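The values are calculated or read from the model by the stated rules, or taken from the named source; none is laboratory data. Source: prediction; values computed, not measured. Cβ coordinates were reconstructed from backbone atoms using ideal geometry, including for glycine residues, and neighbour counts include every protein chain displayed. Surface accessibility is based on the protein's heavy atoms, side chains included, excluding ligands, DNA and RNA. Shrake-Rupley method; radii C 1.70, N 1.55, O 1.52, S 1.80 Å.
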Amino acid sequence: MLPRLYMFHGSPPARAVLITARAIGLDLNKIEINVMKGEHLKPEYLRMNPQHTIPTFVDTCGFVLWDSHSIMTYLVSKYAKNDKLYPEELKKRATINQRLFFEASVVYPYLRKTSLSVLFKGKNSLDQEDRKAANECYGFLESFLDGREWVAGENLSIADYSLLASISTLNLLISVDEGMFPRVIAWLKKCEELPECEDNKKGLQEMSLLVQTKLKVVTESMVNHI
């Protein structure tokens, strides 16, 4: 019996978990949830996860966990063969945690708000305020990458996976300006080369199709590069 992941490929948090699982060689029973049809609001799903968020993880022992950051740290702590993606060394782990909290508290709330407005609330164009908010996210990430190979240091970590899923999706809505954020562009392209990021490509393609049906003008994106 495999651990179960209730997911939707278009969801950045779900993709972050999928990337992590593939990176550590963990097979999952992937159960697709159609959020456009409200399947995450059905009673059986709410019994597992009262917050009805995507994804929800159920381990083979029956342990249920949601929030992608919690799931990712749990997976690498329990199933990874080593601690490279989430080191036990205190300062390295603290830096990774900071980047995860940045994604959770800064990047994803804006991405979620904008995505929901486009997909469900009839917003069909993006303005200068949207660009300003997205550029703030890109600017912080640009500074994190100053002098570093990856977002939390010289080594790839789950913080890269989490931010990749959200930043690449935000880029579908408001593209990263290469002149302003060259490190972000280089980091996105480097992530593209990682074999575990195949699930991110699929999710971006799904999300791109959804966005194109809603927005009058879709900004140039990295979907063909990631």
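Things to note:
- All-pairs Cα distance distribution in the range 83-136, expressed in whole percent, bin size 10 Å: 21, 36, 22, 17, 5
- Checking the Cα-Cα distances for 92/113; 84/201; 30/201; 78/201 against a 22 Å cut-off, the pairs over it are 92/113; 84/201; 78/201.
- With a Förster radius of 25 Å applied to the beta-carbon distance between residue 135 and residue 213, the computed FRET efficiency rounds to 0.45.
- Taking the Cα centre of the chain as origin and assigning +1 to Lys and Arg Cβ atoms and -1 to Asp and Glu Cβ atoms, the resulting dipole is close to 520 debye.
- Rolling a 1.4 angstrom probe over the range 58-102 with all protein chains present gives an accessible area of which 58% lies on carbon and sulfur atoms.
- The overall shape of the chain, judged from the alpha-carbon gyration tensor, is oblate: a/c is not under 1.5, and a/b is no greater than b/c.
- Take each peptide in 161-169, 28-36, count the other Cβ atoms within 10 Å of every residue, and average; sorted highest first, the result is 161-169, 28-36.
- Helical content alone sets the calculated 222 nm signal of the chain at -16500 deg cm²/dmol, taking -39,500 (n - 2.57) per DSSP H segment of four or more residues and averaging over every residue.
- For a straight C-alpha distance cut-off of 15 angstrom, the aspartates and glutamates reachable from residue 81 (same-chain residues fewer than eight places away being disregarded) are 27.
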